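Inspection log for the structure reproduced underneath, given as structure tokens.
The values are calculated or read from the model by the stated rules, or taken from the named source; none is laboratory data. In this text, all values refer to a predicted model and were calculated from it rather than measured experimentally. Note that each Cβ is placed from the backbone with ideal geometry, even for glycine, and that neighbours are counted across all protein chains shown. Please note that ligands, DNA and RNA were not included when accessible areas were found on the heavy atoms of the full protein model with its side chains. Shrake-Rupley method; radii C 1.70, N 1.55, O 1.52, S 1.80 Å.
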Amino acid sequence: GVVNTMPLLTGFVLFLGLASLALPGTSGFPAEFLIIVSALDVHTGAGFAVIITMVLSAAYFLTIYRKIFLGKATSIVVIHAVDLKGRELAVAVIMSSMVVVLGSFPSLIIDLISQSTEAWAGLVSHP
């Protein structure tokens, strides 16, 4: 599959895909955690729907990832593909670093948006 010709791309897609599924330590985790806790607090059924959706999303991503990156390469384009080059690798490293930093220190974003979020929530809850 793609993993044989483009191992760097395969690794970054896996890492960023798992980050989108809220892998702990990545930027998606604090957001997903806050959504689940809030949903369970406000409406238990909605909270469980969020959890079920997360599980289905993970299953979908892992299935597609396995078929695309770990399956047998049948296309001549994939067989002769070139892995990430300097500029592409730099972008992937920078984006992955941001995902880890924001996952490790979510207050960098939460503190930045808390005032506008609270104002918006006040408008929504008090029409």
Legend entry - Ranked packing of 72-83, 39-50, most packed first, by mean Cβ within 10 Å: 39-50, 72-83
Legend entry - Degrees separating the helix 7-20 axis from the principal Cα axis of the chain, which is the longest one: 10 degrees
Legend entry - Å² per residue, accessible surface of the stretch 50-127 at 1.4 Å: 79 Å²
Legend entry - Rounded accessible area of L123 (nearest 10 Å², 1.4 Å probe): 130 Å²
Inset, instruction - Select from G17, G71, G86 the residue whose mean-square fluctuation is largest in a Gaussian network model of the chain (Cα-Cα springs shorter than 10 Å). - result: G86
Legend entry - Cα shape, the stretch 28-104, gyration tensor, a/c 1.5 rule: oblate
Legend entry - Share of carbon and sulfur in the accessible heavy-atom surface of the chain [1.4 Å probe, %]: 74 percent
Inset, instruction - Report, to the nearest 10°, how far helix 107-125 tilts away from the longest principal axis of the Cα atoms in the chain, using its own Cα long axis and a range of 0 to 90°. - result: 50 degrees
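Hey, got the dipole for the chain? About the Cα centre, +1 on K and R Cβ, -1 on D and E Cβ, debye to the nearest 20? It would help to have the intermediate numbers written out before the result.
Working: 5 positive and 6 negative charges, 126 e Å.
In total the dipole reaches around 600 debye.
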Legend entry - Projected label distance in nm at E118 and K67, using a 7 Å step from Cα toward the beta-carbon: 4.7 nm
Legend entry - Most positive-pole-ward Cα, A92, T74, S125, against dipole of the stretch 59-127 from beta carbon charges: T74
Legend entry - Top positive-direction residue, dipole computed over the chain with Cβ charges, set H43, T53, F12: F12
Inset, instruction - Mind pulling the angle between the C-alpha long axis of helix 28-42 and the longest principal axis of the chain? Nearest 10 degrees, somewhere in 0 to 90. - result: 40 degrees
Legend entry - Spin-label pair S75/M98, simplified geometry with 7 Å Cα→Cβ offset, distance in nm: 2.7 nm
Legend entry - Theoretical ellipticity at 222 nm over the chain - DSSP helices of four or more residues, -39500 (n - 2.57) apiece, nearest 500: -24500 deg cm²/dmol
